[in-house]
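Enquirer: First, the structure itself, so that you have it in front of you.
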Amino acid sequence: MACATITTLLIALAAVRPPQPSSVWRDWQTLPSSSRARVHSSPACLRGLAKTGRGHTSTWQLAQYDDDRLCVEVALAIDQNPLEPCCKLLFIDRAADAHDSRWAHRKRGYMLVACGESSSALRGMWLHESLRGKGLSKVLLAIWLRMCAQADITPQTQEINKPLLSLALVALGFVPRRQGIVVDVAGAPGAPPRKAHTRIDFVAPADTAALDRAVEKLLGGGLRLAASGADLRRALTFRE
């Protein structure tokens with residue numbers, strides 16, 4: 001009787017167990033470099049996306065973005081973080097040689113993102129030197145936020161240490177969980193310095209309608225998604 005009760009309980013617990021992250025990120029850590037180059041297939045959580053390349057050059061298409069300053073393909077790559085499921089959102093120059101599958105040679109920026117059960121947490125961002133100082137970091141953030149909205153997942157951040165990225169998040173309405181370390185960031189000539197929170201994580205604004213309006217203002221009609229909301233959710237959470 002006791003065994004039957006325990007078995008029933010285990011079955012009930014399994015039934016309500018939340019979706020678990022795909023093993024793709026963990027498998028990638030243990031796969032020898034010589035074997036990665038021969039991997040052609042996609043993990044189940046990414047099979048709804050168009051794939052380019054193989055092995056460590058594999059990317060999966062999420063969207064395209066075009067305006068008068070930026071013309072990029074938005075793609076996902078598997079991050080090599082060994083501690084938690086993470087991905088890279090790559091912003092790949094579409095004006096460069098489209099036949100060059102080596103995305104590293106066409107990369108204009110990327111975001112490091114942790115894949116939660118129902119959240120996407122920004123870990124960091126890099127932007128090519130030629131694109132800095134043009135307000136494009138907020139455009140890349142807006143692309144990520146639009147995909148989160150389509151995937152019905154919550155955007156948030158892990159600890160952010162870059163003052164300019166902190167300012168971009170605050171401009172979109174993100175709120176630091178606590179004060180962190182506040183640093184001065186030089187403004188325009190003659191303007192007082194701006195205060196930026198660093199070494200702190202941020203949460204999305206409670207006013208989601210205001211966030212949607214800010215994203216729409218930044219993107220206009222320049223973003224074209226290449227995946228359904230369901231496929232984006234599976235990709236950005238690494239859950240099937």
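Enquirer: Under a straight-distance cross-link criterion of Cα-Cα below 18 Å, which lysines are reachable from LYS51, leaving out those fewer than 8 residues away in the same chain?
Expert: In chain and number order, the partners are LYS88, LYS107.
Enquirer: While we're on this one: At 1.4 Å probe size, with every protein chain present, just tell me what the per residue accessible area of region 118-240 comes to in Å².
Expert: Here the per-residue accessible area is 50 Å².
Enquirer: In terms of Cα to Cα distance under 28 Å, which lysines are near enough to LYS195, apart from those fewer than 8 places away along the same chain?
Expert: Straight-distance partners of LYS195: LYS134, LYS138, LYS162, LYS217.
Enquirer: If you don't mind, another one. Probe radius 1.4 Å, ligands and nucleic acids left out: which of ASP66, ASP212 has the largest accessible area, and how do the rest follow?
Expert: ASP212, ASP66
Enquirer: Per residue of region 78-95, in order, report the coupling 6.51 cos²θ - 1.76 cosθ + 1.60 (Karplus, θ = phi - 60°) as ³J(HN,Hα) in whole Hz, putting x for Gly and Pro.
Expert: 7, 7, 9, 4, x, 9, 7, x, 9, 9, 10, 9, 9, 10, 9, 4, 7, 7
Enquirer: Let me ask something else about it. By average Cβ neighbour count within 10 Å, what is the ranking of 76-82, 216-222 from highest down?
Expert: 76-82, 216-222
Enquirer: So how do 109-121, 180-192 stack up, highest first, on mean other-Cβ count within 10 Å?
Expert: Result, highest mean first: 109-121, 180-192.
Enquirer: Sorting check: for 193-199, 205-211, which peptide has the highest mean count of neighbouring beta carbons within 10 Å, and how do the rest follow?
Expert: 193-199, 205-211
Enquirer: Starting from the amide H of ARG123, placed 1.01 Å from N in the peptide plane, find each other amide H under 5 Å away whose residue is 5 or more places distant or on another chain.
Expert: Those qualifying (amide H under 5 Å, at least 5 residues apart or on another chain) are LEU112, VAL113, ALA114, GLN158.
Enquirer: Same structure, new question: Give the accessible area for LEU131 in Å² (nearest 10); use a 1.4 Å probe, count only protein heavy atoms, and leave out ligands, DNA and RNA.
Expert: The accessible area of LEU131 comes to roughly 20 Å².
Enquirer: Moving on to the next point. Which whole-Hz couplings ³J(HN,Hα) result when phi for each residue of region 119-130 is put into the Karplus expression 6.51 cos²θ - 1.76 cosθ + 1.60, θ = phi - 60°, listed in order with x for Gly and Pro?
Expert: Each residue of region 119-130 in turn: 8, 10, 10, 5, 9, x, 8, 10, 10, 4, 3, 5 Hz.
Enquirer: Still on this model: Over region 125-208, what percent of the accessible surface lies on carbon and sulfur atoms, probe 1.4 Å?
Expert: 53 percent
Enquirer: Using the Karplus equation 6.51 cos²θ - 1.76 cosθ + 1.60 (θ = phi - 60°), what ³J(HN,Hα) coupling, rounded to whole Hz, does each residue of region 173-186 give in order, writing x for Gly and Pro?
Expert: My calculation for region 173-186 gives x, 5, 10, x, 5, 8, 5, x, 9, 9, 10, 8, 10, 4 Hz in order.
Enquirer: Which net charge results for the neighbourhood of LEU169, defined as the other residues with beta-carbon distances under 11 angstrom from its beta-carbon, given Lys and Arg at +1 and Asp and Glu at -1?
Expert: +1
Enquirer: While we're here: Please list the non-local residues whose amide H lies under 5 Å from the amide H of VAL203, H modeled 1.01 Å from N, same-chain partners needing a gap of 5 or more.
Expert: Sorted by chain and number, the residues that satisfy this are VAL175, ARG177.
The values are calculated or read from the model by the stated rules, or taken from the named source; none is laboratory data. Everything numeric in this text was worked out from a predicted model, so none of it was measured. Cβ coordinates were reconstructed from backbone atoms using ideal geometry, including for glycine residues, and neighbour counts include every protein chain displayed. Remember, those area values only see protein heavy atoms, side chains included, never the ligands or the DNA or RNA. Shrake-Rupley method; radii C 1.70, N 1.55, O 1.52, S 1.80 Å.
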